[in-house]
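First up is the structure itself, then whatever we jot down about it.
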Amino acid sequence: MNHIGAKTEAAQTAWDQLAQTQNYEHPIRQQQQTQTLTAPSSAQKLPIVAVNNQTQPPISQIQQQPSLPPTPQQQQPEYGDELHPELVRQGWKKFWSKRENRPYYWNKITNESLWETPVLNRQFDPLTDPLGICSTTSTSGPNSPHSPLPGPSRPPYKPPLKRNLSHPHQASVPMKKFVLAGPWDLEVQSSVYIYNRPPSHLLHPHPEIEYMRGVAAQKLFQTFENLCQQRESIKAPRGSFNRWLMERKVIDKGLDPILPSSCLPEVSPSMYREIIQDIPIRIVKPKYTSDARKQLSRYAEAAVHIIENRLAPAESKKIVKWNAEETFEWLRRTVGASYEDFQDRLEHLRRQCEPHLVETVKSSVEALCSKIYHLSVEHVKKIRERHVQLLKDNGLHDPTPPLPPSLRKEEICSPIQFALPPIRLPVVDYQFERDHINVKYTHPSSQQPDTHTINMTHLQKLEQLYRYNCDDNFSLFIPRLYCMLKRYSTFLGNYTPVQQESEMTQAAIPASVFNCLNVHFGVTFECFASPLNCYFRQYCSAFGDTDSYFGSRGPFLDFYPTKGSFQANPPFCEELIDATLQHIDRLLSDSNYPLSFIVFLPEFKDKPLKCMSRIEDSAYKRKLLVVPAMEHEYRHGYQHVLQKTEVNVKSTNSTLVCWLQNEQGYQLYKPTDTAIDAFLESYRPGKDKNIEATVAESTVTTTSSIAETNNKS
């Protein structure tokens, strides 16, 4: 594929162009007329046409004149008859079948083939015939003034005979189903029902706006790092900024999809907690005894430095200095202490000094968190003003949030509908490499293009998802692809030279586990996914505006299903996990239909999640098991750019899996012993390698069984 955006233009062949001319004549008729005059040269060869998976030789070899003139009974039907222009416009073409030795008709739009000449679909038009005089079917009685005039009755219309195999008694061969290879199964049909929702007031993504948002997030993160270094003399906690974005969006009422702008309280509990934990230094588990000794010495020095250079009560200064001096004295007189001795001494020092250090730096850390939030509000205001200006330039206005529908009813889960139409998007370049594609956008204020890379396997996946959820002709695919890649690049923090741990927020469970969940527990929907790591074609993601073109149904906390089986693997953010468990509990309480959630959570033994009590006390808990650490794998958050050998990563923490189901969901998706054994087997390392072949085989088997059922019926 050379140009994705020009996919439909390439579908117009030379025959189509000839058919649009006024003096159009079928190429095969022209060939018959020219054949008697001159013989074609070797350089002028007609194209080969494939019919019924057989390669047909040039037409000059098919229509050779016999030695004796054929009798009228042996004469072939007229093949050069020109089709009606309306039939040509509808996609019909005429071809010759070598096997049947007669012409047939094929529709390039519907992929339908007929032996007989297709008939124009004449439908009754009430605008041109309001009284129904010309209508062949009348709803009036026989004595109606608009009944047809007496005369010879027309024979009833018979539909054209479908083109089939030569032998009528031979079973028809089912059509092969296109299966996209990869660690996913996009052919799984979802049976999820939700409450109807009005069109979304979200604005369509725009490359210029996404670039501005990325620059604003980069400046905000750099400010966060500088404030941590200058005010608290520590490095910014790894992944703290990314978790701050997730924690703020749980309660944010603003209009920006990433940056918070309307939150109460302004001080983030997540950011405050992680900064406090790293004061005076960040505590890590040392590998060797020498590392444990150095960490103890550094902690005592940093504690003395903070207490001497801050406004602290005299009692706090006295306690911290006394414990630090005692630690230095112990280090000087102790020789050959063990690893455990240094760790015990460090824990004792922390218990004595930490309350006084926290009280000393509390106001400073709160001011830091508040400043980051207010800077985010300013950035959001500028970005929103620019986006609204682009709408005005295209004759549109900023939509207000629509009112909820008056009648609440259940419906099949459908894609997000936007209240406003899309606006004109700028040109986004792309360049194909050997195994990946580079998407480039150059902002007017920048000299270098902003480039994002994705491998060809995931590019084909995104194309397939785009076909399922958009009805346009791929003209906006590349700009929307850039907006989606830029959004996740901004969210994951790829603008820093040192990689963070934030890519693990996009880690997914192996495809073998998804396949098992679908087969044994009826799972067809993911509650936390993205277009890059999803397994099913329908899922919830953090960004409804950029991801909706690729199958997203919006954030899970704004999603209200009433029926179905779901898999939930929320990113590690305690506030987000707590809100997710509360949301699941409300959904299970409100639904009267089968509803099931299989939740995957990390199990941290040193710092257990406080919200785990919600699972333990839940009335909908049906099954709870723990998959041990280093005995299962996850798919890396950068799987769309990594090699296949680097995608699977062993989990260093145990994973807790919980089945939350209402009574109807428990009866339909019961976690039996057989299903649990299959689930644990699918989680074993190495099971994910052959999943592409497994999915393809299962899809072909399903297609064959469906075709067999249709033949029997």
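The values are calculated or read from the model by the stated rules, or taken from the named source; none is laboratory data. Bear in mind the structure is a predicted one, so any value in this text is a computation, not a measurement. So basically every Cβ, Gly included, is an ideal-geometry build from the backbone, and we count neighbours across all protein chains shown. What goes into the accessible areas is simple: the full protein's heavy atoms, side chains included, and nothing from ligands, DNA or RNA. Shrake-Rupley method; radii C 1.70, N 1.55, O 1.52, S 1.80 Å.
A few remarks follow.
- Summed residue charge, Cβ within 11 Å of Leu296's Cβ, Lys/Arg positive, Asp/Glu negative: 0
- For the stretch 352-465, the relative contact order is 12 percent, taking Cα pairs closer than 8 Å that sit 6 or more residues apart in sequence and dividing their mean separation by the residue count.
- Residue ranges 518-525, 341-348 sort as 518-525, 341-348 when ordered by packing (mean number of other C-beta atoms within 10 Å per residue, highest first).
- Proximity of backbone amide H atoms, modeled 1.01 Å from N, is registered between Lys670 and no other residue at under 5 Å, excluding neighbours fewer than 5 places apart on the same chain.
- Stretch gain in nm, segment Asn111-Val427, where the contour uses 0.36 nm per residue and the Cα spacing is subtracted: 110.4 nm
- Counting only protein heavy atoms and a 1.4 Å probe, the stretch 176-233 has 44 square angstrom of accessible area per residue.
- Summing charges over all other residues whose Cβ lies under 15 Å from the Cβ of Leu588, with Lys and Arg as +1 and Asp and Glu as -1, gives +2.
- In the stretch 204-262, the portion of solvent-accessible area held by carbon and sulfur atoms comes to 43 percent [1.4 Å probe, whole percent, DNA, RNA and ligands not counted].
- Glu112 long-range amide H proximity, modeled H, under 5 Å: Asn107
- Shape category assigned to the stretch 271-352 from the gyration tensor of Cα positions, a/c cut at 1.5: oblate
- On the stretch 474-624, 49 percent of the accessible area sits on carbon and sulfur atoms, based on a 1.4 Å probe.
- Sequence-ordered 3J(HN,Hα) estimates for the stretch 353-366 from the Karplus curve with 6.51, -1.76 and 1.60 and θ = phi - 60° stand at 9, 4, x, 6, 5, 5, 5, 6, 9, 4, 5, 5, 5, 5 Hz, glycine and proline given as x.
- Of all accessible heavy-atom area on the stretch 316-454, the percent that carbon and sulfur account for (1.4 Å): 50
- Check: the stretch 195-250 dipole with +1 on Lys, Arg Cβ and -1 on Asp, Glu Cβ, in debye: 180
- Other-chain or far-sequence residues with amide H under 5 Å of His632's (modelled H): Ser651
- Solvent-accessible area per residue in the stretch 509-618 equals 31 Å², computed with a 1.4 angstrom probe and all protein chains kept.
- Only Lys, Arg (+1) and Asp, Glu (-1) charged, at Cβ; the stretch 554-673 dipole about Cα centre in debye: 240
- Environment charge at His356 (Cβ cut-off 9 Å; Lys +1, Arg +1, Asp -1, Glu -1): -2
- Rounded, prolate or oblate (a/c below 1.5 giving rounded, otherwise prolate when a/b exceeds b/c) for the stretch 535-640 by Cα gyration tensor: oblate
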